[in-house]
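The block underneath contains the structure these notes are about, expressed in structure tokens.
Please treat every number below as a calculation from the coordinates, not as lab data. The shown structure was predicted, so the numbers you read here are calculated from the model rather than taken from an experiment. No Cβ is skipped: glycine too gets one built from the backbone with ideal geometry, and neighbour counts run over all protein chains shown.
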Amino acid sequence: MMARTACIILALFLLTGCADRTVRLLYSPPAPSASLAPRLVVGPFQDVRGNEGDHGDPYRVGRIYGGYGNRLAKVMVTAPWPPALTAALVAEFRAQGVDAVAAEGPASNDAYALTGTIRNFSTEARWGREAHIGATVRLLAPGGRQLLEKRIDARESGYNLNNFSGEILEELLNRAFAKFVRDVAGDAEIRGALR
């Protein structure tokens with residue numbers, strides 16, 4: 001009887017640890033600059049994360065792994081991440097004095113454009129905890145000529161013995177997200193090409 005009860009308790013513990021985790025993507029935009037120029041249209045970005053993002057699932061942002069590399073649970077966001085990324089990039093560029101707006105249709109011929117491919121947008125628990133956002137960004141001149149293409153990555157990591165904590169994964173993802181958008185908007189090559 002005692003062995004049966006222990007097995008039931010162990011099974012419930014394992015099932016509780018395996019449930020998908022939901023995290024919130026939080027971002028506090030900086031204040032825009034008093035003067036804004038030149039005009040920059042931000043987006044769209046193509047999601048090429050492959051298996052990491054369930055082949056384009058805008059809610060999937062990671063996974064929790066067991067000690068043997070076995071996948072235990074997915075990490076999902078409460079709202080699709082692509083619009084949040086575009087909005088955060090617009091806010092960061094506006095804080096840098098660039099008249100940035102989100103893309104709402106086909107590319108404009110009278111403005112610069114920032115687009116690219118998202119290769120990583122994840123937070124995970126394996127042996128440690130890590131969040132990684134990485135993209136190949138492209139800056140296009142008015143008219144569509146490519147001025148610049150470069151890879152920009154932001155990583156945050158930490159270790160905690162609680163392998164199943166959604167709060168830790170959420171914190172790491174949000175720190176990596178804020179770092180990524182600041183790094184893109186503040187990149188010297190991108191800023192130099194926008195002048």
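Under the classification rounded if a/c is under 1.5, otherwise prolate if a/b is larger than b/c and oblate if not, where does the stretch 99-188 fall, given a ≥ b ≥ c as square roots of the Cα gyration tensor eigenvalues? Let's see the in-between values first.
Details: a/c = 3.26, a/b = 2.86, b/c = 1.14.
Verdict is prolate for the stretch 99-188.
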Query raised in the report: Given the Cα-Cα distance of SER108 and TRP127 and 0.36 nm per residue of separation, how much length would full extension add, in nm?
Result: 2.3 nm
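For the chain, what does the helix formula give at 222 nm: sum of -39500 (n - 2.57) over DSSP H segments with n ≥ 4, over the residue count, nearest 500 deg cm²/dmol? Don't skip to the end; give the middle numbers.
Working: 4 runs with 58 residues, N = 195.
Counting only the DSSP helices, I get -9500 deg cm²/dmol.
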Query raised in the report: In nm, to one decimal, how far is the ASP153 label point from the GLU167 one, both placed 7 Å along Cα→Cβ?
Result: 3.0 nm
Report summary line: Between the modelled labels at ASN160 and ARG71 (7 Å from Cα along Cα→Cβ) the distance in nm is 2.3 nm
Report summary line: Between the modelled labels at GLN146 and ALA87 (7 Å from Cα along Cα→Cβ) the distance in nm is 3.1 nm
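For LEU26 and THR78, compute 0.36 nm times the residue count separating them, minus their Cα-Cα distance, and round to one decimal in nm. Could the numbers behind the result be given before it?
On the way: separation 52, 0.36 × 52 = 18.72 nm, distance 1.05 nm.
Working it through step by step, the gained length comes to 17.7 nm.
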Query raised in the report: So what's the gap between the Cα centers of the stretch 134-154 and the stretch 57-101, to the nearest angstrom?
Result: 19 Å
Query raised in the report: Rounded to two decimals, what ratio of Rg to Rh does the stretch 18-98 give with C-alpha atoms and a Kirkwood Rh?
Result: 1.13
Report task. Return P(r) of the chain (all Cα-Cα pairs; 5 Å bins starting at 0; whole %; ordered from short to long distances). Result -> 1, 8, 15, 18, 16, 12, 9, 7, 5, 3, 2, 1, 1, 1, 0, 0
